[in-house]
């Protein structure tokens with residue numbers, strides 16, 4: 001029996017500034033919400049300063065792959081839950097599965113791969129040891145998982 005990946009969640013209210021003239025969330029706004037979710041995950045769950053990671057340690061986390069399914073619209077005033085699970089932990093990349101949902105259904109499903117890079121050279125680097133250890137502590141199923149060899 002396999003267990004589902006552990007999920008980090010945050011509730012959110014859909015605001016006026018998220019919506020387009022049709023009164024639903026303008027799709028790029030979901031990406032802004034998911035970037036904030038990743039930052040919250042790193043700071044609140046993993047206990048690593050995102051500001052230091054970027055500005056002091058010069059570790060970037062750019063997106064290299066992104067797939068989204070927009071299943072149901074969200075409207076101003078809606079309360080939703082954003083969730084993040086680590087699907088795969090590689091040598092230099094992290095595959096995330098994220099969702100925006102209400103109590104009954106998933107509204108948006110996202111699969112995103114980020115890669116750790118040097119912000120000085122803009123080249124991929126090995127995931128920092130403290131970041132890897134914190135992710136493995138968050139979801140022990142990722143410990144010792146085979147890492148990819150090409151990214």
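The values are calculated or read from the model by the stated rules, or taken from the named source; none is laboratory data. What you are looking at is a predicted structure, and each value in this text was computed from that prediction instead of being measured. All Cβ positions, glycine included, derive from the backbone under ideal geometry; neighbour counts span all protein chains shown.
Summed over region 90-105, residues that are in contact with a strand residue (DSSP E or B) (Cβ under 8 Å, 6 or more places away or on another chain) and surrounded by 16 or more Cβ atoms within 10 Å (Cβ to Cβ) total 10. Please specify each residue of region 20-59 satisfying the condition of being part of a loop (DSSP other than H, G, I, E, B) and out of contact with any strand residue (DSSP E or B) (no Cβ under 8 Å at 6 or more places or on another chain). Scanning region 20-59 gives 20, 21, 22, 46, 47, 48, 49, 57. When residues in region 92-146 are screened for being within 19 Å of residue 54 (Cα to Cα) and outside any strand (DSSP E or B), 18 of them pass.
Yes/no per residue for (1) at pLDDT 95 or above; (2) over 25 Å from residue 13 (Cα atoms); (3) within 13 Å of the chain's Cα centre (by Cα):
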site: 43; (1), (2), (3): yes, no, yes
site: 81; (1), (2), (3): yes, no, no
site: 87; (1), (2), (3): yes, yes, yes
site: 98; (1), (2), (3): yes, no, yes
site: 128; (1), (2), (3): yes, yes, no
site: 137; (1), (2), (3): yes, yes, no
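Just one residue in the set 98, 76 is more than 29 Å from residue 116 (Cβ to Cβ) and in contact with a helix residue (DSSP H, G or I) (Cβ under 6 Å, 6 or more places away or on another chain); that residue is 76.
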